[in-house]
Structures are given as C-alpha cells and as structure tokens.
Amino acid sequence: MIVELSKAQRKQAMNRATWWGILVNLLLSIAKLIFGFIGHSQALIADGLHSLSDLISDGMVLLATHHASAEADEDHPYGHERYETLATIALGVLLIAVAIGIGINAFDHLLNPAELIIPSTLTLWVAGLSIASKEVLFHYTMLIARKVKSKMLEANAWHHRSDAISSIVVFVGITGAILGWPMLDAIAALIVSLMIVKIGWELSHHGIKELVDTALEPKMLDAIKQAILQVDGVQHLHLLRTRRMGHNALVDVHILVDERLSVSEGHQISEAVAAALTSGFSDINDVTVHIDPEDDEVIPNSCRKLPLRSELLHQLAQHWQAIPETAQIENTVLHYLNGKVSIEIFFPLSTLETPESAKTLHKKISDASHKLDHIGDVDIYFK
C-alpha cells in the first residue's frame, strides 16, 4: 500500500536527508583539501573541490525545497514544484563547471610531469573514507528521494554517488602514483572530471526537458491511454497532452462520448477519467478532461460560428410565427454536431388532437426550421 506524504512530511524528509549531506560534505571537503595539499595529491584536491561543490548543491536543495513545498496560490495556480526543476538544472551546471576546472588543472599537470610529486599514503586513507561515507550517503538520499518522488533530491543523491566514484578513481590513482607511476594521480583527476561532466549533463538535460514541457515517457503514455479507454462511456480519445512539474505529472485530454448524452452524464464520465488516472498513477495529480460529442481533431471547430441558444431560438421563433402550436413548447434541446444544430422539441401531450396531427405538426416545424441553413435534424416529442 502506497502512503502519500503531505507537503510538510515531504519537506521534513528532504531537509533531513540534505542536512546529513551537508555535514558529511563539510567534513570530507575539509579533510580532502587539507590532506590533499599536505600529501601532495592533485587527485585528492580535485576530489575535495568536488565535495565542496556538494556543499553548495545541498544549500540549493534546501532553498528549493523550501519554495517548492509552498501551496498553490493566485500567482502559481499549479504550485511551486518547478523550483525543484530549476535547482536540478543548476546542480547539473554546477557539476559541469567544477569538472571543467578539475580537468584543466589535471591536464596542466600532465603537460608538466616534472612538477608531479608522489602523494603520501595518508591520502589513501582519506580517499577510502570518502568512498565509504559517500556511498552510504548516496543510498540514504536516494531512498528518501524515491519515497518523496523528488527528482531534485535524486539528482543530489547522484551527486553523492559521483563523489564516491571519483574517490575510487582517486584511490586507484594515488595507489599507482605511490607504486611508481606519479602521472596516474593526474590521470585520475582527469577521469574524475569527465565522469562529473557526464552526470552534470544528464541532470541538466532532464531538467531542461521538464521546463519545456516534454511529454511523459512513451510507455507511461500508452498506459494512460489504456486507462482512459477502459472508463465506461469513453468511445475514443485524442489530443492527449502531458508534462511534468517537479515530482508531479499533469494530463490534458479530449475524450469522445455519445453525442446525445446529457451534460451531467458527460461530466460524470470526465470525473471518472480523472479519478482513474490520479488513483492509477502515483505521479499524476492534475487531470483536465475535455468532453467532445464529435472528434474535433478530425472535424476541427465545425460548430464554432453557429449561434448560441438565445439567438437561435429568436431566429426559429420568427420562422414559426405561422405555427400556433409552437406557443405550447415546453422545452427545446439543442445538439451542435457536424456544423449544424439539431433540435429536439417537447410538447405537452394535450397539443395533439389526433395521432395524424403529430406528423403534420412535425412537417410544418421541420420545413420552417430548415429555412435556416444551420439547422440539422428536427425531432418533436409529446409527453
């Protein structure tokens, strides 16, 4: 059973994971930079800068979490979840910037091998500690990210994982340098930078796709279509549009129903469609359903220029002046279909003098009504 968290619970869980990240990153960045400098390891210093960037990213996550958890308001009717999206893109850009700096520094040392110094064994212990602590932090943060369905927190978890992986490369590079290949330390720093660029690009690309309202994944779209078509009363669907907003997904869809349904039944079907999607997909929290009596994707705007009820009834009244029975009309139902207005007219049973008079009255009303080009079928009923 999936338990939905409230905004307050979600914010609390995300903040707790982020504060643990801040504590670990603070201690690791200090240790890596100090011991990297003392132990003469360019790779460990580069890794220290990476950990320092994690501190900045954690701060951005805290800020974004604060804003994203706010309720929808007049200026932001869909909520504030895209603060998370912006933070995810910023994290990715930050990673790329840090990686470029690390790569340039490492490449410079490779071009000047005479300046390379063999690092001390102390740096190995620091790299090993970094691997263990960042891997634990990755799993903890990812667990919370999936629980609260936050792409931003998931991005921060991968930031921790990138630090763990880079520390493994650093560990190997330092080991190789100690064993007699000092260039391996600089090569390790260069590899770390390339790894960070890849992760940064993936995070930024995902966030940018969300900002430009990229549709949901094809597999999920197919599942959404099947769920809609299974709702009783839905004949067809078209113009399905989807997008993501933070940890939520939004859906707009047109559904085709029987053209003679009442407004209330059509509305009930639309409510059933919305309920099917929000209950069947944990990501979907907002559904807009447009009811169509005809496929407006095939016949677009066929009725747009037709007159509305008051104007149409005024036009018909002018053509019905010679038919005295029309003064007894109790109700008129209009159907806007295929560029025409079909009419259902209801009379009291007392209007009929003989059974044959129903046919006569129908012919009079139909002939008079069809003098208007936009009138379709004309049916009369007695009750």
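The values are calculated or read from the model by the stated rules, or taken from the named source; none is laboratory data. What you see is a predicted model; the values in this text were computed from it and never measured. Here the Cβ is made from the backbone with ideal geometry for all residues, glycine too, and neighbour counts use every protein chain on show.
One residue stands out among those in segment 219-242 that are within 16 Å of the chain's Cα centre (by Cα) and among the basic types (Lys, Arg): the one that is nearest to ASP292 (Cα to Cα), which is ARG241. Taken over segment 371-382, residues that are within 17 Å of ARG260 (Cβ to Cβ) and either assigned to a helix (DSSP H, G or I) or not aliphatic (A, V, I, L, M) (or both) amount to 4. The condition (being assigned to a strand (DSSP E or B) and surrounded by fewer than 16 Cβ atoms within 10 Å (Cβ to Cβ)) is satisfied by just one residue among THR288, THR242: THR288.
Of TRP125, TRP181, all but one fail to be modelled with pLDDT under 80, surrounded by fewer than 21 Cβ atoms within 10 Å (Cβ to Cβ) and not β-branched (Val, Ile, Thr); the exception is TRP181.
Within this structure, ALA322 passes the test of being in a loop (DSSP other than H, G, I, E, B) and either among the polar types (S, T, N, Q) or not assigned by TED's automatic domain parsing to the domain that holds LEU239 (or both). Within segment 326-365, which residues are polar (S, T, N, Q), surrounded by 12 or more Cβ atoms within 10 Å (Cβ to Cβ) and in contact (Cβ under 8 Å) with a residue 12 or more places away in the chain? THR326, THR332, ASN338, SER342, THR351 - these are the residues of segment 326-365 that are polar (S, T, N, Q), surrounded by 12 or more Cβ atoms within 10 Å (Cβ to Cβ) and in contact (Cβ under 8 Å) with a residue 12 or more places away in the chain. Restricted to segment 207-218, and to residues there that are in a helix (DSSP H, G or I) and at pLDDT 75 or above, the residue that is farthest from the chain's Cα centre (by Cα) is PRO218. Against the criterion of being in contact with a Gly (Cβ under 9 Å, 6 or more places away or on another chain), in contact (Cβ under 8 Å) with a residue 40 or more places away in the chain and not β-branched (Val, Ile, Thr), LEU316 does not qualify. None of LEU55, LEU49, LEU26 is under 25 Å from SER167 (Cα atoms) and modelled with pLDDT of 75 or more except LEU26. In segment 30-46 there is at least one residue that is in the same structural domain as LEU184 (by TED's automatic domain parsing), out of contact with any His (no Cβ under 9 Å at 6 or more places or on another chain) and at pLDDT below 70. Selection of segment 166-178 for residues being of a type in the set (Ser, Thr, Tyr) and surrounded by fewer than 24 Cβ atoms within 10 Å (Cβ to Cβ) yields only THR175. Can you say whether ALA368 is free of Cβ contacts under 8 Å to residues at least 24 places away in the same chain and not in a loop (DSSP other than H, G, I, E, B), as far as the supplied structure shows? Criteria not met by ALA368. The residue that is nearest to the chain's Cα centre (by Cα), counting only those in segment 127-174 that are hydroxyl-bearing (Ser, Thr, Tyr), under 25 Å from ILE208 (Cα atoms) and in a helix (DSSP H, G or I), is THR141.
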